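**Student:** One structure follows; several queries about it will come next.
Only the coordinates and a few stated rules stand behind these numbers; no lab work does. The shown structure was predicted, so the numbers you read here are calculated from the model rather than taken from an experiment. Positions of Cβ are generated from backbone atoms using ideal geometry, with glycine treated the same way; all protein chains shown enter the neighbour counts.
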Amino acid sequence: MARLFTAASSQKIDWGDIAEIDGVANLTVSSWIYLVTLTDFAAILSKTTPTATSGWTFQSGGTGFGGSNDVLISARDSTGGQFGYTSGNIIAANTWNHWCYWFDGAGVGSAGRLKFYFNGVEQGLTYPVAIGTTIASNAQPFEMGFTTGGVDPYYDGRIAECGIWNVSLSISEIVALARGVRPNRLRPASLQFYAPLWGLHSPEVDLSTFRRSGTVTGATLANHAPVTTFTTKAYSFPAQGVAAANILMPQICM
């Protein structure tokens with residue numbers, strides 16, 4: 001199951017200040033997202049300040065920045081204001097999509113530092129302000145469905161399988177996540193946060209080694225994202241006259 005957030009009821013999950021997911025030079029944030037209502041600048045995942053001078057956000061776009069059916073992500077250093085947005089009208093309401101935020105401060109230029117992948121495919125971003133080499137730290141909580149660090153509206157939709165790493169995952173790893181591999185199967189030593197958001201616990205649970213708890217305000221249970229504990233692999237058995245076919249194999253840690 002997943003968590004359903006209803007904007008009109010001001011629903012959210014607050015995980016407190018997680019120091020491991022800001023003040024970094026590398027970050028990957030992966031989550032399955034299901035928007036019910038397309039709203040300008042709806043806050044989905046965030047750890048930022050009211051002045052937008054540090055941290056990061058993961059939200060829908062808005063007027064002048066792609067539109068409500070696009071995506072806006074930020075990577076703010078101490079000067080603030082650094083973000084990128086898509087402009088391809090990529091979001092449709094009432095369907096699960098895999099979103100992946102990717103940051104590498106050692107990259108060349110804005111396009112080499114901040115990237116966004118939608119269902120495993122990199123999307124072009126527009127950067128009004130050049131992206132810096134680090135994401136500045138702050139004492140704000142990591143929040144789902146809302147951000148106390150700004151005036152963006154509550155989110156109206158579902159969230160599931162949120163994983164955060166302090167490394168920049170490879171494209172093959174991002175594609176694996178978009179195909180349904182669970183975050184805890186990829187680079188577990190670098191996994192700083194993992195909440196499947198089954199909707200069966202309150203507080204919600206972080207299944208990374210940190211074992212944190214998230215305070216739930218109103219978010220309810222809903223159908224889960226299309227993830228699996230199995231993956232497919234093509235095998236053939238010529239000696240037995242069996243042609244190549246996809247066979248379900250248990251997922252293993254990578």
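**Student:** Just going by the charge dipole of the chain, with Lys and Arg at +1 and Asp and Glu at -1 on Cβ, which of Ser137, Ser170, Gln11 is farthest out on the positive end?
**Tutor:** The one lying farthest along the dipole's positive direction is Ser170.
**Student:** In what sequence, highest mean first, do 25-36, 200-211 appear when ranked by Cβ atoms within 10 angstrom?
**Tutor:** 25-36, 200-211
**Student:** So how far apart, in nm, are the two label points at Thr217 and Thr63 if each is 7 Å from Cα heading toward Cβ?
**Tutor:** Roughly 2.6 nm, to one decimal.
**Student:** Measure out, as a whole number of angstrom, how far apart the alpha-carbon centroids of region 49-68 and region 165-204 sit.
**Tutor:** The two parts, judged by their Cα centres, are 23 Å apart.
**Student:** Could you give me the percent of Cα pairs per 10 Å distance bin for region 2-228, shortest bin first, beginning at zero and ending with the bin that holds the maximum distance?
**Tutor:** 9, 38, 42, 11, 0
**Student:** For Thr126 and Arg179 in one chain, what is 0.36 nm times their gap in residues minus the Cα-Cα distance, to one decimal in nm?
**Tutor:** Stretched out fully, the Thr126 to Arg179 stretch lengthens by 16.4 nm.
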